[in-house]
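A.B. asks: Let me begin by handing over the structure; questions about it come next.
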């Protein structure tokens, strides 16, 4: 991925974040469960297929420069294949009635968890700006971002009964 301005890497990440948040929101809603399944499988399969294609078409590799790790796309695709198979399996099991997920109303979200996630955003941004290479500040920023995603997932996808 590459590009300048509104091309390539600059718009792809925000688009994927918005898509993931929309999928989290749909996860607990019953009437559009089919749309949730389609989006979930589309996201998993498209990323997995792109990694498999990239691994087979050339000697492509992913580099995690801060950790000094370079890994081939073929090897990197293995966990994506596993999670795609798991997603397909769970969708099939739910469609057959073996798994029953609790459903909530469209207007129910956990504002407290989403609020905490929003409060962590400037903290994570500041830590990323202050950090260099892969020092403790960057590690704290990564942990903060992971906590944000957990809070967003819980706040959008599984709201409390009280809200």
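The values are calculated or read from the model by the stated rules, or taken from the named source; none is laboratory data. The model shown is predicted, which means the values in this text are computed figures rather than measured ones. Note that we place each Cβ from the backbone using ideal geometry, even for glycine, and neighbour counts take in every protein chain shown.
A.B. asks: Give the stretch 76-115 a look and list any residue that's assigned to a helix (DSSP H, G or I) and on the phi > 0 side of the Ramachandran plot, or say none.
C.D. replies: Once the filter is applied, which keeps residues that are assigned to a helix (DSSP H, G or I) and on the phi > 0 side of the Ramachandran plot, the stretch 76-115 yields nothing.
A.B. asks: Among the numbered criteria (1) modelled with pLDDT of 75 or more; (2) more than 24 Å from residue 149 (Cα to Cα), which single criterion is violated by residue 31?
C.D. replies: Failed condition: (1).
A.B. asks: Between residues in the stretch 73-95 that are loosely packed, with under 13 Cβ neighbours inside 10 Å and residues that are not in a helix (DSSP H, G or I), which pairs lie under 6 Å by C-beta distance while being six or more apart or on different chains?
C.D. replies: 93/99
A.B. asks: In the stretch 102-120, what residues are closer than 30 Å to residue 45 by Cβ and under 20 Å from the mean Cα position of the chain (by Cα)?
C.D. replies: Passing the criteria: 109, 110, 113, 114, 117.
A.B. asks: Among the residues of the stretch 44-62, are any surrounded by 16 or more Cβ atoms within 10 Å (Cβ to Cβ), modelled with pLDDT of 90 or more, out of contact with any strand residue (DSSP E or B) (no Cβ under 7 Å at 6 or more places or on another chain) and assigned to a helix (DSSP H, G or I)?
C.D. replies: Yes, the stretch 44-62 contains at least one residue that is surrounded by 16 or more Cβ atoms within 10 Å (Cβ to Cβ), modelled with pLDDT of 90 or more, out of contact with any strand residue (DSSP E or B) (no Cβ under 7 Å at 6 or more places or on another chain) and assigned to a helix (DSSP H, G or I).
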